[in-house]
1. Sort all Cα-Cα distances of segment 14-87 into consecutive 5 angstrom bins from zero, then give the percent of pairs in each bin up to the one containing the longest distance.
2. Can you work out the FRET efficiency for the pair residue 5 and residue 58, with r the C-beta to C-beta distance and R0 = 22 Å, to the nearest 0.05?
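Please treat every number below as a calculation from the coordinates, not as lab data. Values in this document were obtained by computation on a predicted structure and should not be read as measured data. Quick reminder, even Gly has a Cβ in these numbers, built from the backbone with ideal geometry, and neighbours come from all protein chains shown.
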């Protein structure tokens, strides 16, 4: 007798993303736009990407071919937005590092005061 499969994915509950009801039935661009918003994915677009991947995996064979194509397209759009935000953050950090190197550093100890 074959062992009963455990469906661990059915027990997963998350509170990190808050997709609106029916989001995954919309167009790819609407899904990507929504999953990159701070309201839906407070931890950023990476969290939205994980939620979309989770949904696709969870739906499994129950997805029609057209719906799967639309969700994969949304995944591609989301990946592009994720890469854009990474590039933007990297350039901002680079600018901040360049700006900070010209500033004089403050000592971390007690501040020395001079009598006037």
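1. The percentages, shortest bin first, are 3, 18, 30, 27, 15, 6, 1, 0.
2. The formula returns an efficiency of 0.90 here.
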